[in-house]
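Worksheet for the structure shown next.
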Amino acid sequence: MVDKYIYENPMDSIFPIYEGYIHNYLQLIVNPEENYIYDDVGISPYAPNDEGLLRRFNPIRDDFFFSLYPDSVIDIQQDFGC
């Protein structure tokens, strides 16, 4: 959702998203050449359960090609190994 908004409103972005540089925010946390999420990035990838609570876990760190559940939200944090 953020990537779509920034693509449509590039002046609102703190990062320059354009051809040849950064294509989307996921590019900042994923190594697309080797298909993994960087180890120093904390992620919280959840989708709503039947009650609408973000409790349905998306195991994208363990399975990079996992298809996200509908309406998933992925929070990204720095991970200092704590």
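What to note about this one:
- If R0 is taken as 30 Å, the Cβ-Cβ distance between residue 12 and residue 72 corresponds to a FRET efficiency of 0.85.
- The Cβ shell under 12 Å around residue 73 holds other residues with a net charge of 0, Lys and Arg each +1, Asp and Glu each -1.
- Isotropic mean projected area of the C-alpha convex hull, region 40-82 (nm²): 3.4 nm²
- The calculated FRET efficiency for residue 65 paired with residue 5, based on their beta-carbon distance and R0 = 22 Å, is about 0.30.
- Label-point separation in nm, residue 35 to residue 50, each point 7 Å along Cα→Cβ: 3.4 nm
Bear in mind that the values in this text are calculations on the coordinates, not laboratory data. Computed from a predicted model, the values in this text were never measured in an experiment. No Cβ is skipped: glycine too gets one built from the backbone with ideal geometry, and neighbour counts run over all protein chains shown.
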